[in-house]
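Single-structure report; data block below.
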Amino acid sequence: MADKGKQVTWGGRFKDGPDGLMLAFGESVSFDQRLAPYDLQGSLGHAAMLLAVGILTQEEFNQIEKGLQELAEEVKAGTFMWKIELEDVHMNLEQALREKTGAADKLHTGRSRNDQVATDVRLFFKDACSQLREGIEQAMKALLALAQKHASTPIPGYTHLQRAQPVTVGHHLLAYVEMLGRDHERFSTVANHANVCPLGSGAIAGSTLPLDRALVAKALGFVDESGEPRLTPNGMDAVADRDLFVEFASACSLCALHLSRLAEDLILWNSAEFGYLILPDSFTTGSSLMPQKKNPDCFELIRGKTGRMIGNLTNLLVTIKGLPLTYNRDLQEDKPPVFDSFDQLGICLAVTAGALEGAQINEETCRAAASDPLLLATDLADYLVEQGMPFRQAHHVVGALVARAEELNLSLPELSDEDAQSVSPQLGSDWREVFDLSRAFSRREKPGMPGPQQVAGRIKFWEGILNS
Ligand code: ARG
């Protein structure tokens, strides 16, 4: 191993070391070094198993354990010297351990970088999912606080970006709380899928040595609710499988997509044309030229970064799709997209929470917009249904009333009783009562509707979950 330039871990069968260009091209340590804490943890679990099956002596294990702990501290403190000639995080850490103890030469017994990296990323995914779930909770709390404050502030609900029916700010924002609630659940599903131990798969076909897979799985926390170890059932699948990368990147994309749609709503609400929302100075930016500008960049960036996260998912799908079993070096490219999605989604969630915390709803503008009587045209059709008219006919009658009001340049309730009754005699003297917003809401007290009690109930439900 003394030969100059030869690769210290796998260089045995080589005459020459890798070309400088190949080193620079093939290294992954510049990005996979962030797996270091998981790699050290995985090595400790593996070493504990090697001790239990008699491959390491207690003394060797103690030295390895001490060395791994020291390395964890160096990595944490940022004093660890990463070397690109050692390719990746695994070989960097193994060689650094070797400088501390000769016992390090036994650490890679019955292990390959293939099952090692598969283990590292599973530990990473479990951690990343739990961090993102916390981020989602923060965003949900911010949405919930605003929804609570404006539970009964009416605004128009839109379809085709045209005013459709009245809802409340609370109801509208709760729609996003529901979406993020599903994301929260999705990340626990991904974490659950990650919770299976691949160690012991070796390169593809395990090992002839008496490895105890259950022991190492338990040591690393890959266990079910009753503490039973969860092991990957096929070594070839275990080292080739990148489902989790796709699932994780997909869960990130979907959550980002929800934030992006929220962002789009809020950008619209913040525009002078809508005027429903005032964003805090702290999450907006100005123009270098136009002194009056206050731009909703925080939400535009969320929309933009969502494209990037969807790109990361696509990147992974395309990288994996043509690969034969099992590990191929292409798979080294699997990490940057998931790290990026993790980082970007984390900051998008934090920014969503921060911007919403400082945001204010312009109640007056909301109310004024929601007082458009046309929003209750469907309620008028329902009124006719209650008089016994088939809905399709009622729809036509109200359509004709809308046209008549337009013709006379009047709002719907300004039509005279004669005008209304000439369209349908079933419009009694009380037909204008439908134009009362509180009537409209109080009649919508079935699950999923914007009735005040429904909205309050959903707020309570989510508060209960988020504060537990
Ligand atoms: N740096 C490699 C990766 O991330 C580790 C696994 C390498 N395995 C191998 N057989 N070359 O994919």
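The values are calculated or read from the model by the stated rules, or taken from the named source; none is laboratory data. Note that the coordinates shown come from a computational prediction; the quantities given were computed from them, not determined experimentally. Heads up, the Cβs are rebuilt from the backbone with ideal geometry, glycines too, and the neighbour counts pull from every protein chain shown. For the accessible areas, the whole protein counts, side chains as well, though only heavy atoms, and no ligand, DNA or RNA atoms are used. Shrake-Rupley method; radii C 1.70, N 1.55, O 1.52, S 1.80 Å.
Using the Karplus equation 6.51 cos²θ - 1.76 cosθ + 1.60 (θ = phi - 60°), what ³J(HN,Hα) coupling, rounded to whole Hz, does each residue of the range 223-233 give in order, writing x for Gly and Pro?
9, 8, 4, 8, x, 7, x, 10, 10, 5, x
Assigning unit charges at the beta carbon (Lys, Arg +1; Asp, Glu -1) and nothing else, what dipole magnitude in debye, to the nearest 20, does the chain show about its Cα centre?
660 debye
For the charge dipole of the chain, defined by +1 on Lys and Arg C-beta atoms and -1 on Asp and Glu C-beta atoms about the Cα centroid, which residue among PHE248, GLY202, GLN162 has the Cα displaced farthest towards the positive pole?
GLY202
Determine the calculated [θ] at 222 nm for the chain from helices alone, applying -39500 (n - 2.57) to every DSSP H run no shorter than 4 residues and normalising by the residue count; nearest 500 deg cm²/dmol.
-19500 deg cm²/dmol
For the chain, find the longest principal axis of its Cα atoms and tell me its angle to the long axis of helix 335-357, 0 to 90°, nearest 10.
Helix 335-357 sits at roughly 40 degrees to that axis.
Show me the ranking of peptides 164-173, 373-382, 459-468 by mean Cβ neighbours inside 10 Å, starting with the highest.
The packing order, highest mean first, is 164-173, 373-382, 459-468.
Relative to the compact-globule scaling 2.2 N^0.38 Å, provide the ratio for the alpha-carbon radius of gyration of the range 395-452.
Ratio of Cα Rg to 2.2 N^0.38 Å: 1.30.
Would you work out if the range 333-468 is rounded, prolate or oblate? Take a ≥ b ≥ c from the square roots of the eigenvalues of the alpha-carbon gyration tensor; rounded if a/c is under 1.5, else prolate when a/b is larger than b/c, oblate otherwise.
It is prolate, given that a/c is not under 1.5 and a/b is the larger ratio.
Quick one: which residues, 5+ away or cross-chain, put their amide H under 5 Å from the amide H of ILE155? H built at 1.01 Å from N.
For ILE155, the qualifying residues are VAL167, THR168, VAL169.
Positive end of the dipole of the range 1-100, charges at C-beta (+1 Lys, Arg; -1 Asp, Glu), about the Cα centre: which of TYR38, LEU68, ALA96 has its Cα farthest in that direction?
Looking along the dipole axis, the top candidate is ALA96.
So for the range 265-369, Kirkwood radius off the Cα pairs, Stokes-Einstein at 4 °C and 1.567 mPa s: how many µm² s⁻¹?
Stokes-Einstein gives a translational diffusion coefficient of 79 µm²/s.
Can you tell me the equivalent ellipsoid semi-axes for the range 66-194? Use √(5λ) from the Cα gyration tensor, largest first, whole Å.
Equivalent-ellipsoid dimensions as semi-axes: 51, 15, 12 Å.
Can you list the HN-Hα couplings for the range 171-183, worked out from phi with the Karplus curve (6.51, -1.76, 1.60; θ = phi - 60°), rounded to whole Hz and with x for Gly and Pro?
Coupling constants for the range 171-183: 5, 4, 5, 4, 4, 6, 4, 4, 4, 5, x, 5, 4 Hz.
Going Cα to Cα from LYS141, which lysines come in below 27 Å? Please leave out same-chain ones fewer than 8 positions away.
Excluding near neighbours in sequence, the set is LYS126, LYS149, LYS294, LYS305, LYS446, LYS460.
In terms of the Cα gyration tensor, with a ≥ b ≥ c the square roots of its eigenvalues, is the range 173-246 rounded because a/c is under 1.5, prolate because a/b exceeds b/c, or oblate?
Oblate is the answer for the range 173-246, as a/c is 1.5 or above yet b/c matches or exceeds a/b.
Using a Cα-Cα cut-off of under 16 Å, which lysines could be cross-linked to LYS6, ignoring same-chain neighbours fewer than 8 residues away?
Qualifying lysines at Cα under 16 Å: LYS15, LYS83.
Taking Cα atoms of the chain, Rg/Rh with Kirkwood Rh, to two decimals?
Answer for the chain: 1.15.
Kindly state, as a whole number, the per residue volume in cubic angstrom of the convex hull around the alpha carbon atoms of the range 1-88. Intermediate results must be reported in sequence, preceding the final value.
On the way: hull volume 10.6 nm³, N = 88.
It comes to 120 Å³ per residue, whole-number rounded.
Just need the relative contact order of the range 115-237 here, percent rounded to a whole number, with Cα pairs under 8 Å and 6+ apart.
Contact order relative to length: 27 percent.
Run the quick spin-label model on VAL53 and LEU466: label points 7 Å from Cα toward the beta carbon, then report their separation in nm to one decimal.
Distance between the two pseudo-spin positions: 4.8 nm.
Relative contact order, percent, of the chain when contacts are C-alpha pairs under 8 Å separated by at least 6 residues?
Numbers: 638 pairs, mean separation 70.3, N = 468.
Computed value for the chain: 15 percent relative contact order.
Counting Lys and Arg as +1 and Asp and Glu as -1, each charge on the Cβ, what is the dipole of the range 364-468 about the Cα centre in debye, to the nearest 20?
The calculated dipole for the range 364-468 is roughly 620 debye.
Cα axis of helix 113-149 to longest principal axis of the chain: angle in degrees, 0 to 90, nearest 10?
Helix 113-149 and the main axis of the chain meet at about 20 degrees.
Please turn the phi angles of the range 154-169 into ³J(HN,Hα) values with the Karplus equation 6.51 cos²θ - 1.76 cosθ + 1.60 (θ = phi - 60°), one per residue in order, whole Hz, x for glycine and proline.
x, 9, x, x, 10, 10, 6, 6, 10, 4, 10, 9, x, 9, 10, 4
So who's got an amide H within less than 5 Å of the one on LEU231, skipping anything under 5 residues away but keeping other chains? H placed 1.01 Å off N, in plane.
CYS197
Per 5 Å bin, what is the whole-percent P(r) computed from every C-alpha pair distance within the range 315-402?
3, 11, 10, 8, 7, 7, 6, 7, 8, 9, 10, 8, 6, 2, 0
Determine the per residue accessible area of the chain with all protein chains present and a 1.4 angstrom probe, expressed in square angstrom.
48 Å²
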